[in-house]
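Coordinate-derived values only; no laboratory data. These figures come from a predicted structure and were not determined experimentally. Glycine also receives a Cβ, built like all others from the backbone with ideal geometry; neighbour counts cover every protein chain displayed.
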Amino acid sequence: MNVYDAERMTDLLAPIGYEAVDIPDDADLVILNTCHIREKAAEKVYSDLGRLRQMKAVRADGGEPMVLAVAGCVAQAEGEEILRRAPFVDMVFGPQAYHRLPEMVARVHREKGAVLDTEFPARSKFDYLPKPEAQGRFSAFLTVQEGCDKFCTFCVVPYTRGAETSRPVADVIADAGNLAAGGVREITLLGQNVNAYHGQARGFGTKTLGKLIAALADIDGLDRIRYTTSYPAEIDSDLINAHRDIEQLMPYLHLPVQSGSDRILHAMNRRHGASDYKRLVERLRRARPDLALSSDFIVGFPGESDADFKATMDLVDAVEFVGAYSFKYSPRPGTPAAALLGQVPDDVKSERLQALQEKLNAGQAAFNQGAVGKKMSVLLDGAGRHSGQLIGRSPYMQAVHVQAPEDHLGKIVELEIEAAHPNSLAGTLLDALPEHENLGASAEAMA
Ligand code: 5AD
Ligand code: SF4
């Protein structure tokens, strides 16, 4: 979501004359879009600010000011504290305030002193944002939901991103239509808890995520739909049925479980136990047998014993994930778990993380290896590292390299997978699919 938010900030600044540059040294405006989820990410902001302070001073000596901004969840959580620790910062604003960026830039130039904006405005920022454009992309993010009311006891998101809100169905469809008309073929719907999506549909009450996806599947040219991030206890039958019925909905799901121990899941306030999770996976796989799953894990949550950790390892064996993010528990200020007794020593967390990651990596390698010799449709959406090479994504989110002419960019092609590496696949081009054989509404219309 931070990538998406940064893109939107770029869109907002374009009309007042800003364009993105690759390095900060000669930028008139530098925005650090920050993450507060773990301590490491949050602390990185201050080390980056130290470097930027020097760049700002060099530019000031040359008579060219540099405006320095801190955006995102660290800004939301630490507001004043940032200005105290780094008084050379000119702007601090949270994730719900960035639509006011042009106004804030003007204020910084006009007034003395820093601008601080960490309000949750009554009207959604989306009402003020310009329509997203394809800008040459074939795959794009689209925020449909923000905020979280689940209050997992380890997590800062409900405090930094605020309460769950959903964008109206018509707005999402309009944005997706605009992106598709500009050449985007794959959209990933975003939300901190995207399963909480309940968007107003004019005259129809609200629509669930599953129903929203069904509506998006009617958009011409939109051949692939994904969504993230999911909260298992809120996956409903509409969504499961969407996996069964909607061809454009890709067979890959990021479904964070966090732990395999019921005791720990309860202490995390997760609202699902290990067997609920496994049952949900079974239902999803019945709906879409080739569904590939990835997950998030936290090791070393307060009170986690060897037996609890073993339950996590057992769950990984049972579910067979194809990829995962795993983290050492990081106590976050203001969250209930940070105050719990039984904090786990760092060396134990490191040991557990290593064992878990070995298992998860083996699962990913086996999944990639299993693709060798198979045919896969791949959306080619970028240049590869070597000349004549393009890179794309399989339906299961694997990165795939292929030798292919440049005019294949933006096409969904059939590949035969020839080799598997730990983080990617290599394929050879079978025939490029004629446009009408690509998945999607247009294909159905012709059938
Ligand atoms: N410590 C470690 N990992 C965390 N996550 C969220 N909060 C914490 C924390 N305090 C992880 C969870 C979540 C992912 C985005 O980050 O696994 O799913
Ligand atoms: Fe954080 Fe996700 Fe739990 Fe919400 S559901 S509190 S975002 S971990």
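Going by average Cβ density within 10 Å per residue, which order do the peptides 30-38, 223-231 take, highest to lowest?
Numbers: 30-38: 20.2, 223-231: 22.0.
Descending mean neighbour count gives 223-231, 30-38.
Around Val157, under 13 Å between beta carbons, what's the net of Lys plus Arg minus Asp minus Glu among the other residues?
Working: positive: Arg38, Lys150, Arg161, Arg332; negative: Glu146, Asp149, Glu164, Asp296.
My count for the surroundings of Val157 gives 0.
Compute the normalised compactness of the stretch 182-301: alpha-carbon radius of gyration over 2.2 N^0.38 Å, N being the residue count.
Compared with the compact-globule rule of thumb, the stretch 182-301 sits at 1.12.
With a cut-off of 8 Å between alpha carbons and a minimum separation of six or more residues, what is the relative contact order of the stretch 14-146 in percent?
Relative contact order of the stretch 14-146: 19 percent.
Given Cα pairs under 8 Å that are at least 6 residues apart, what percent is the relative contact order of the chain?
Computed value for the chain: 10 percent relative contact order.
So, counting K/R as plus one and D/E as minus one, what does the shell of residues with Cβ under 15 Å around Arg38 add up to?
With Lys, Arg at +1 and Asp, Glu at -1, the neighbours total 0.
So how far apart, in nm, are the two label points at Glu19 and Ala318 if each is 7 Å from Cα heading toward Cβ?
5.5
For the stretch 195-251 and the stretch 296-311, what is the centre-to-centre distance using only Cα atoms, to the nearest Å?
Between the Cα centres of the stretch 195-251 and the stretch 296-311 lies a distance of 33 Å.
Check Thr206: other-chain or 5+ apart residues with amide H under 5 Å from its amide H, H built from backbone geometry?
Ala201
Counting every Cα pair in the stretch 183-246, what percent are over 17 Å apart? Mind dumping the intermediate values first?
Working: 800 of 2016 pairs.
Of all Cα-Cα distances in the stretch 183-246, 40 percent exceed 17 Å.
For Tyr252, enumerate residues with amide H under 5 Å from its amide H, sequence gap 5+ or separate chain, H modeled in the peptide plane.
Excluding prolines and chain starts, which carry no amide H, the hits are Ala292.
How far apart, in nanometres, would the label points at Arg279 and Thr428 be if each is projected 7 angstrom from Cα along the Cα-to-Cβ direction?
4.9
What is the calculated FRET efficiency for Arg53 to Arg286, with r their C-beta to C-beta distance and R₀ = 45 Å, to the nearest 0.05?
0.20
Among bridges DSSP assigns within the chain, what percent are antiparallel (round to 5)?
Numbers: 25 of 62 bridges.
Roughly 40 percent of the DSSP beta bridges within the chain come out antiparallel.
Karplus couplings for the stretch 115-131 from phi (6.51 cos²θ - 1.76 cosθ + 1.60, θ = phi - 60°), rounded to Hz, Gly and Pro as x?
9, 10, 9, 10, 6, 9, x, 5, 9, 5, 4, 5, 5, 10, 7, x, 4
Would you compute, from DSSP H runs of 4+ residues alone, the mean residue ellipticity of the chain at 222 nm, taking -39500 (n - 2.57) per run and dividing by the full residue count, rounded to the nearest 500?
On the way: 13 runs with 158 residues, N = 447.
Roughly -11000 deg cm²/dmol at 222 nm, from the helical runs in the chain.
In the neighborhood of Arg167, defined by Cβ-to-Cβ distances under 10 Å, what is the net charge if each Lys or Arg adds +1 and each Asp or Glu adds -1? Can you show the working numbers first?
Values: positive: none; negative: Asp127, Glu146, Asp171, Asp175.
Here the charged neighbours net out to -4.
What are the extents of the Cα atoms of the stretch 319-413 along their three principal axes, in Å, largest first?
Projected onto its principal axes, the Cα set of the stretch 319-413 covers 59, 29, 23 Å.
State which entries of Lys56/Lys328; Lys125/Lys207; Lys44/Lys310; Lys211/Lys411; Lys328/Lys359; Lys44/Lys328 exceed 23 angstrom in Cα-Cα distance in the structure shown. Before the final figure, lay out the partial values.
Working: Lys56/Lys328 35 Å; Lys125/Lys207 21 Å; Lys44/Lys310 32 Å; Lys211/Lys411 27 Å; Lys328/Lys359 16 Å; Lys44/Lys328 17 Å.
Over 23 Å apart, Cα to Cα: Lys56/Lys328; Lys44/Lys310; Lys211/Lys411.
Distance in nm between label sites at Asn2 and Ala339, each 7 Å beyond Cα in the beta-carbon direction?
Output for this residue pair reads 2.8 nm.
Provide the gained length on full extension for the span Ala419 to Ser350, in nm with one decimal, where the gain is 0.36 nm per separating residue minus the Cα-Cα distance. Kindly include the intermediate steps, with their values, before the conclusion.
Values: separation 69, 0.36 × 69 = 24.84 nm, distance 3.21 nm.
Contour length minus Cα-Cα distance gives 21.6 nm.
State, to one decimal in nm², a quarter of the convex hull surface area for the C-alpha atoms of the stretch 54-140, i.e. the direction-averaged projected area. Don't jump to the answer; show the numbers that get you there.
On the way: hull surface 31.3 nm².
The orientation-averaged projected area of the Cα hull of the stretch 54-140 comes to 7.8 nm².
With θ set to phi - 60°, apply the Karplus curve 6.51 cos²θ - 1.76 cosθ + 1.60 along the stretch 146-152 and write out the HN-Hα couplings as whole Hz, x wherever there is a Gly or Pro.
Here the 3J(HN,Hα) series is 9, x, 8, 10, 8, 6, 4 Hz.
With the convex hull built on the Cα atoms of the stretch 375-432, state its orientation-averaged projected area in nm². Write down the numbers at each step before the final one.
Values: hull surface 13.5 nm².
Computing the convex hull of the Cα atoms and averaging its projections yields 3.4 nm².
Assuming 0.36 nm per residue, please report the length gained on full extension of the stretch Glu119 to Val372 beyond their Cα-Cα distance. All intermediate terms of the calculation are to be shown ahead of the outcome.
Values: separation 253, 0.36 × 253 = 91.08 nm, distance 5.11 nm.
Roughly 86.0 nm would be gained on extension.
Treat the count of other C-beta atoms within 10 Å as a stand-in for reagent exposure and order Val316, Val58, Val156 from fewest to most. Display every interim value, and only then the final one.
Numbers: Val316 20, Val58 11, Val156 24.
With the sparsest Cβ surroundings first, the list reads Val58, Val316, Val156.
Taking N as the number of residues in the stretch 125-369, what is its Cα Rg relative to 2.2 N^0.38 Å? Provide the component values of the computation, followed by the final result.
Details: Rg = 18.9 Å, N = 245, 2.2 N^0.38 = 17.8 Å.
Taking N as the residue count of the stretch 125-369, the ratio is 1.06.
Please find, in a Gaussian network model of the chain (springs between Cα atoms separated by less than 10 Å), the residue of Gly303, Gly392, Gly17 whose mean-square fluctuation is greatest.
Gly17
For the chain, what size does the Cα cloud have along each of its three principal axes, sorted from largest down, in whole Å?
63, 54, 52
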